[in-house]
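None of the figures in this text is laboratory data; all of them are computed from the coordinates on show. Nothing here was measured: the structure is a model prediction, and the numbers come from that model. Reconstructed Cβ throughout: ideal geometry from the backbone, glycine too, with neighbour counts over all protein chains shown.
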Amino acid sequence: MTVIEVAGLRKAYGKRVAVRDVSFTVEESEIFGLLGPNGAGKTTTVECVAGLRVPDGGRVRVFGHDPRRERTAVTARLGVQLQASEVQPNLRVREALRLYASFYPDPADPDELLELLGLTGQADVRFAKLSGGQRQRLSIALALIGRPTVAILDELTTGLDPAARRDTWELITAVRERGVTILLVTHFMAEAERLCDRVAVIDAGQVVACDSPAALTARLDAGQRIRFVPSEPVDERELAGLPGVESASRHGEEILVVGAGETLSVLVTHLAHRGVLAHRLRVEQPSLDDAYLALTAHASSRSTS
Amino acid sequence: MTSSLVPSPGRHPFRELVRVEALLFGRSAAGVVWTALIPLAAVVVLGAVPATRHPSDSFDGRSPLETWLPVLMMYEFLMTAANLLPAVLAGYRERGILRRLSTTPVPPSRLLGAQALIYLALATALDATMLAIAVGCGVPLPGQFAGFVLTLALVAAAMLGIGLVLAALAPGEKAANALGLVVFFPLLFFAGMWIPRSRMPHVLRDISDVTPLGAGARAVQDCLDGRWPAAAALLVLAAYAVVCGVVAARRFRWQ
C-alpha cells in the first residue's frame with residue numbers, strides 16, 4: 001500500500017527554484033531514503049509532505065490526504081523530526097514528552113520511549129542543558145510519541161559522533177520492526193546503504209534515480225578494481241591484454257587492474273600459471289558512494305550544459 | 001515539580017499547553033520579578049509609608065498611592081501582553097518550536113492562545129491583589145467601578161494587540177525584547193509614570209490622550225472621579241486593539 005505519494009512536486013522561493021520536479025512513492029513498512037547533496041531540495045520536499053509548505057505545483061498525498069487541507073487526518077498518524085526544531089528551553093525532557101503525548105489520541109508511553117532512546121537518565125534535564133546528541137534523540141522521541149504509522153526523519157544523525165550514529169541506526173531499525181514506515185532524509189551514503197530499502201537520489205531539485213541501494217550500485221559500469229603486490233616482477237602491459245581487463249597500471253610496487261566481473265579469476269589464474277604470488281591482494285567493489293557521485297555529477301553537468 | 005505532571009494522554013491538549021506554559025513562566029526569574037515582585041513591592045511601599053498614603057497638594061489632593069495605583073495596574077498588562085508575550089512567541093518561532101507544533105494535531109495558534117490566557121490572567125490577578133492592598137491602605141474604590149473594569153479590559157486588549165504586532169514584526173527573541181523596550185518607556189511615560197497626567201503640559205497631555213495608556217489613564221481618572229469614562233478615551237483603546245489585531249493577523253508567521 002502506498003502511504004506517501006509525491007508527483008511532479010515544484011517549489012520555488014522567489015526566483016530560486018528549490019524543487020523542480022520530484023516524484024516518488026513510499027510504500028507501507030519500508031524505509032525510503034531521500035539522498036542528495038546540500039541544497040538539492042530534500043528538506044523542502046519533506047516539508048511539503050509534512051504540510052509545512054505550500055507546493056507551487058504537483059501533488060502530495062499522505063494516506064491519500066492532502067497534508068495541508070486535511071491536516072487533522074495527516075498529523076495524527078505522521079510523526080515528523082525536523083532539522084533545527086527545538087523545544088522550550090526550560091522544559092524538562094519528560095515534561096516535553098508528556099506534553100506532546102497529550103496532543104495525540106493514542107500516544108506511546110513517554111517513559112518507555114525515554115528508555116528506548118536512552119534518555120531515562122536525562123528525564124529531568126531541561127532542554128537547554130542537553131547535548132546535541134541528546135536533543136536529536138529527544139527530537140526523534142517527539143516524532144514517535146503519537147505512535148505514527150509514518151515517520152519523517154530529516155538529517156537525524158548529522159552532528160552525532162560515530163557511536164551515537166550507530167546507536168541511532170539500531171533505533172531506526174527497531175522502530176521499523178514495529179511496523180512504522182520511515183521517510184529518511186540524509187546525505188550519508190553509509191546511512192542510506194545500511195538502513196534504506198529504496199532511495200531516491202535528488203540533485204538540483206530533481207530525482208535522478210530511484211531504486212534499492214544495491215541496484216543503484218549495480219547500475220554503475222565501473223567493475224572491479226584489484227590491487228596487489230606481485231612476488232616477482234610482472235609486465236603490466238601483459239596483464240592489460242588479458243580478457244575482460246580494461247587497464248593495468250603500476251603504482252610503485254603495487255599493480256592496479258581494472259576490469260569487468262570475471263577479472264579477478266582471470267588474473268589469479270594467469271598469475272598462478274606464471275608462478276607469481278599476489279601479496280596484499282584487495283578487491284574494491286563500487287559502493288553507493290560511487291553510484292551517488294556518478295549520478296549527481298552527471299545531473300549537474302547536464303543542468304549546466 | 002515533576003510529581004504534579006500527571007499525564008493525561010489524548011485529552012485536553014489546550015489545558016496541558018496552558019499548564020506547561022504557566023510552569024515555564026514560573027521558571028523564568030526575570031518575568032516573575034518584573035511582573036509580580038516589583039509592582040507589588042511598589043504598592044506595598046507606597047501603602048506602608050505614611051507620607052505617600054495621605055493626600056498631597058502636589059497630586060491634586062490625592063495620595064501618591066492613589067495616583068500611581070492605576071498606572072501600576074495598567075503596567076501589568078503592558079509588561080505581560082506587550083513585553084513578555086512577544087519575546088516568548090518570537091523566541092518560539094526562532095527556535096522552531098511553533099514549526100514543530102505545526103506537525104502535530106495541535107496547531108501552534110493554541111500555544112499563542114495559551115500564552116495570551118496565562119499573561120492576561122496573571123495581570124488580572126496581580127491587579128486585583130494590588131487593588132486589595134491599596135483599599136486596605138485606605139484608597140477608596142473607584143466611584144465608577146464598572147467603567148473602571150471596562151477600561152482595564154480595553155487596556156488589556158490594546159496591549160495584547162500591540163504585543164502580537166511586535167511578535168509578528170520581530171524576527172527573533174532579541175529583536176522582540178528590543179522592540180518591547182522601545183514601546184515600554186514611551187507608553188509608561190504618557191500614562192503618567194514619571195509626570196502625573198495632571199501635571200503634564202498641554203501638548204504632552206494631548207499626545208498622551210491618543211496613546212493607549214494615556215487614554216487608559218484618562219478613562220481611569222474619570223472612573224476615580226465617579227464619572228463614566230470619556231468615550232474618546234475608550235475609542236482610542238478599542239482602536240489600538242482592533243487595528244493591531246488586524247495587522248498582527250496579517251503579518252504573523254508561524255515559522
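General remarks:
- Each part reduced to its alpha carbon centroid, the stretch B:180-205 and the stretch B:88-110 end up 35 Å apart.
- Candidate lysines for bridging to residue B:174, where Cα separation is under 28 Å - those fewer than 8 sequence places away on the same chain excluded: A:129
- Rounded, prolate or oblate (a/c below 1.5 giving rounded, otherwise prolate when a/b exceeds b/c) for the stretch A:223-284 by Cα gyration tensor: rounded
- Inter-centroid distance (Cα atoms) of the stretch A:1-73 relative to the stretch A:199-216, Å: 15
- Between residue B:22 and residue A:249, the modelled label-to-label distance comes to 7.4 nm, taking each label 7 Å out from Cα in the direction of the beta carbon.
- Separation of the residue B:253 and residue B:232 label points, Cα + 7 Å toward Cβ, nm: 4.0
- Global form of the stretch B:105-208, assessed from the alpha-carbon gyration tensor, a/c cut-off 1.5: oblate
- Residue A:274 paired with residue A:287, simple spin-label distance in nm, labels 7 Å along Cα-to-beta-carbon: 3.0
- Each 10 Å bin from 0 upward holds the following percent of the Cα-Cα pairs of the stretch B:33-154: 12, 35, 26, 15, 9, 2, 0.
- Put simply, the convex hull of the Cα atoms in chain A casts, on average, a shadow of 20.2 nm².
- Per-peptide average of other Cβ atoms within 10 Å, ordering A:238-245, A:100-107 highest first: A:100-107, A:238-245
- Descending by average beta-carbon neighbour count within 10 Å, the peptides A:54-63, A:273-282 line up as A:54-63, A:273-282, the highest first.
- Chymotrypsin sites (Phe, Trp or Tyr not before Pro) restricted to DSSP loop in the stretch B:124-231 with at most 12 other C-beta within 10 Å: B:194
- DSSP-defined beta bridges in the protein assembly as shown - what % are antiparallel, rounded to 5: 65
- Entry note, chain A: the mean residue ellipticity at 222 nm calculated from DSSP H runs of n ≥ 4, each adding -39500 (n - 2.57), is -10000 deg cm²/dmol after division by the residues and rounding to the nearest 500.
- Footprinting exposure proxy ranking of A:139, A:29, fewest other C-beta atoms within 10 angstrom first, gives A:29, A:139.
- Average projection, convex hull of the Cα set of the stretch A:40-115: 6.6 square nanometres.
- 13 Å Cα-Cα reach of residue A:42 towards aspartates and glutamates, excluding residues that sit fewer than 8 places from it in its own chain: A:21, A:154, A:155, A:203
- With N as its number of residues, the protein assembly as shown has a Cα radius of gyration that, divided by 2.2 N^0.38 Å, comes to 1.36.
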